[in-house]
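Read-outs: derived from the displayed coordinates by stated rules, not from any lab. All figures in this text were calculated on a predicted structure; none of them were measured in a lab. For neighbour counting, all protein chains shown are included, and Cβ atoms are generated from backbone atoms with ideal geometry for every residue, glycine included.
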Amino acid sequence: EDKEEDESKEEDNGSQQNRASRRKNYQRKNRDGKKAREEGSQKKDRSKTAPTKDQKESENKEKKTTKRGKEGESKQKKDRKNSTSSASSNSSDEESLSEEELAMLKEQVEQKKKLISTMRNKPWRMVKKLSVLREAQDFVEKFEGALGKGKGKKLYAYKMMMAKKWVKFKRDFENFKTQCIPWEMKIKEVESHFGSSVASYFIFLRWMYGVNLVLFGLIFGLVIIPEVLMGMPYGSMPRKTVPRAEQATAMDFSVLWDFEGYIKYSALFYGYYNNQRTIGWLKYRLPMAYFMVGISVFGYSLMVVIRSMARNANQSTSDGDDDNFIFSWKMFTSWDYLIGNPETADNKFASITTSFKESIVDEQESNKDENIHLRRFLRVLANVLIICCLCGSGYLIYFVVKRSQTFSKMQNVGWYERNEVEIVMSLLGMFCPPLFETIAALENYHPRIGLKWQLGRIFALFLGNLYTFLLALMDDVNEKLAEEDVVKNITHWTLLGHHNSSAGNDSTATPPPLDPADVPRGPCWETTVGIEFVRLTVSDILVTYITILVGDFIRACFVRFVNYCWCWDLEAGFPSYAEFDISGNVLGLIFNQGMIWMGSFYAPGLVGINVLRLLTSMYFQCWAVMSSNVPHARVFKASKSNNFYMGLLLLILFLSLLPVAYTIMSLPPSFDCGPFSGKKRMYDVIQETIELDFPLFVAKIFSYVANPGLIIPAILLMV
C-alpha cells in the first residue's frame with residue numbers, strides 16, 4: 001500500500017510538470033506570434049518571398065516542444081503500467097500468504113480454545129489466569145471470524161457459529177435439567193446442615209416418588225380409566241352396587257373411614273371391575289390388561305431397582321481412592337468460588353464443617369483401641385435381646401389378627417376392635433426402633449456400621465410383622481372361600497326363584513330384571529385383602545405424621561421455650577432436641593413400599609394414595625428436620641448408603657412378589673366380583689387370550705415355553 005501511495009504521488013507530480021511546460025510553450029508561441037505579426041505588418045511592403053531567421057527558429061522550437069510532450073506522455077503511460085503490475089503482484093503475494101497461513105491460524109485458534117477450556121487446571125495465579133484468558137478470548141474472537149472471509153470459507157465460519165450455539169444450548173439445557181430436578185435445593189440445604197447421611201434419606205424418598213408416579217400412570221391409564229369410561233356404569237350390576245342392607249349407612253363417615261360403603265364398591269378396589277372379555281367400542285380387553293399391568297408393576301420395579309444399584313456401584317468404583325490426605329483435600333479444595341449468594345455461602349460453610357466432622361469420626365474409629373472379649377459379649381447379648389423382641393412382636397400380631405377375625409363376626413363392634421390390627425402394627429413400628437437403638441448402644445459400632453445393623457433389625461421386625469399379618473390373613477381368606485360356595489348356591493337359587501315367580505304359568509313371558517342391590521353377594525376375598533392393605537397404609541401415614549408433630553415439633557417447642565424456667569438444661573439433658581431417625585424413616589419407606597407392591601393387585605387405587613403420601617412427606621419432613629431436629633452427635637458419611645437401601649428394597653420386592661404369585665397360581669378367584677370371576681385360576685385369562693386372539697402356531701409356541709423343563713433352568717439362571 002505504501003508503494004502504491006508513492007507511485008500515485010509521483011504520477012501527480014509528473015502531470016503537474018507537464019502542464020507547466022505546456023503553459024510556458026503556449027506563452028512563448030503567443031509572444032512569437034505577436035512579434036511575427038508586428039514584423040510582418042512592418043515588412044509587408046518589403047519582400048514576401050523568403051522567410052526570415054526568426055520564423056525558422058520559432059518553428060524549430062515548436063517541433064522540439066511537441067517532441068518533449070509526446071515523450072512525457074509515453075513515460076507516464078509506462079509508469080502507470082508498471083504501477084498496476086506491481087500492485088497486482090503484491091496482492092497475489094498476500095493471497096498466497098493467507099492461504100499458506102490458514103492452517104496455522106486454525107491450529108492457533110484451536111490451541112487457544114483448548115487453553116480456555118483447561119484454564120481452571122493451570123497452576124497459575126488468578127491474575128495470570130485472567131490475563132491469559134482475556135488474551136485467548138480476544139484472539140479467538142478476532143481470527144475465528146477472519147477465517148470465514150476468504151473464498152470458500154463461509155461454510156467453515158457457519159460451522160463454527162453453529163458449534164458455538166450448540167455448546168451454549170447444551171450448557172443451558174443442562175442447567176434447565178438441574179432446575180427441573182424436584183426438591184434439589186431443599187435436599188442440598190438439608191445436606192449442608194445435617195450431613196450426607198440424612199440427605200441420602202430424602203434422595204431415596206424422591207426416587208421412590210418417581211417410581212410410584214410411573215406405577216400410578218400404568219394402573220390409572222390402563223386399568224382405571226378404561227373401566228370408568230368404557231365399562232358398565234355404577235348401579236348396573238351387583239358388583240358395582242351397594243347392597244340394600246348397607247345403603248342406609250353407606251355414606252356415614254365412620255363407614256367410609258373403614259373403607260366400606262360406597263368406597264368398597266368403587267374403582268379403588270378389585271371387586272368393582274367387570275369380567276367381560278372386551279369392553280367399549282375399542283374392544284378393550286380389560287381382564288387381560290388388569291393381569292398384565294399387575295405383572296408389569298413388579299417387572300418395572302425390579303428393572304428400576306437393579307439399574308439404580310448398578311449405577312450406584314459404578315459411581316462408587318469410579319470415585320477413586322479418597323482415603324489419602326483427606327484433610328488436605330478438604331482444606332484446600334472444598335470451597336466453591338462460583339458462589340455469589342450469601343445464603344448459599346452459609347450452606348456451603350455448614351456443609352464443609354459437617355464434612356470435617358464426618359472425617360474426624362472416621363479417623364477416630366480407625367485408630368480406636370478396645371477390649372475385644374468384652375465387646376464380643378456385649379454384642380451377643382444385644383442380639384439375643386433383639387431376637388426376643390422380634391419373636392414377641394410377631395406373636396402379638398398373630399394373636400391380634402386372630403382376634404380381629406372373631407370381632408368381624410360380631411355385631412356392634414367398636415372403633416378400636418375394628419382397627420386393632422392396624423393400631424398394634426403401627427405402635428410396634430413406632431416403639432420398637434427406639435428400643436433397638438437403645439440396645440445397640442451396647443455394641444459400640446462405627447455409626448455407619450451401626451446404621452446398617454439397625455436397618456437390618458428394623459427390616460426383620462417389619463418383615464416379620466408383615467408376613468405374620470399375611471399368614472393370619474390367609475386363614476381369613478380360606479374361610480371366605482368356604483363361605484363363597486354357600487353364597488354361590490344361594491345366589492343361584494335366588495335368581496332361579498325370581499325367574500320362576502315372575503314368569504308364572506306363561507313360559508314365554510320375559511321376567512322383570514332383579515334389582516342389583518337385592519342380589520346376594522359373595523364375600524369377595526380379593527376386595528377384603530385390598531381393604532386391609534389400604535387401612536394399613538393410611539394408619540401408617542397418620543402415625544408417621546403424628547409422631548413427627550408430637551415427638552419432634554412439640555418437643556422442640558417445649559425445650560426451646562421452657563428451658564429458661566426449668567431446673568436443668570433441657571437442651572443438653574433430657575429431653576433435648578430430637579435427632580433425625582434415619583433407620584426408622586428409611587425402613588418405614590421400604591416397608592410401606594412392600595405393602596404397596598402386594599396390595600396394588602387387589603386395590604389399584606392404593607398406588608395413588610402412596611403417591612400423595614410421598615409428596616406430602618417430602619415437604620412435611622423437610623420442614624420438621626430444619627425446624628425441630630438437630631444434627632447427630634456423631635456425624636458420618638453416607639458411604640454407599642443408597643445402595644444398601646436399594647438392596648433392602650430389592651429383598652422386600654422379592655418377598656412381596658411371593659404372596660401375590662401364590663394367590664394368582666393357587667387360589668380360585670371370587671365368582672361374582674373382579675375381572676377374573678368365572679375362571680378356575682386368575683392366569684387362565686392368558687390361555688383364553690392365546691386361544692381366541694392368536695394363531696394356532698403361537699399357542700403351540702407358548703405351550704412349549706411353558707414346559708417346566710425350560711422354566712426351571714430360566715429361574716435358576718435369573719437367581
Checklist entry - In sequence order, what are the phi-derived ³J(HN,Hα) couplings for region 296-309 according to the Karplus relation 6.51 cos²θ - 1.76 cosθ + 1.60 with θ = phi - 60°, rounded to whole Hz, with x for glycine and proline? => result 5, 4, 6, x, 5, 4, 4, 5, 5, 5, 5, 5, 5, 5
Item to check | Whole-Hz couplings from phi, Karplus 6.51/-1.76/1.60, listed for region 273-278; x for Gly and Pro | outcome: 7, 7, 9, 4, 5, 9
Checklist entry - With θ set to phi - 60° and the Karplus curve 6.51 cos²θ - 1.76 cosθ + 1.60, what are the ³J(HN,Hα) couplings of region 704-719 in order, to the nearest whole Hz, using x for Gly and Pro? => result 5, 5, 6, 5, x, x, 9, 5, 5, x, 5, 5, 4, 5, 5, 5
Checklist entry - Near the amide H of Tyr284, under 5 Å away, which other amide H atoms are found, from residues 5 or more places off or on another chain, if H is placed in the peptide plane? => result Ile279
Next on the checklist: At a 10 angstrom cut-off on C-beta neighbours, averaged per residue, how do the peptides 707-713, 185-191, 653-659 rank from highest to lowest?
Outcome noted: 185-191, 653-659, 707-713
Checklist outcome for this item: Expected sort for 547-555, 449-457 on mean C-beta neighbours within 10 Å, highest first, is 449-457, 547-555
Item to check | Cα centroid separation - region 523-580 against region 654-695, whole Å | outcome: 41 Å
Checklist entry - If packing is taken as the mean number of other Cβ atoms within 10 Å per residue, what is the order of 644-650, 422-428, highest first? => result 644-650, 422-428
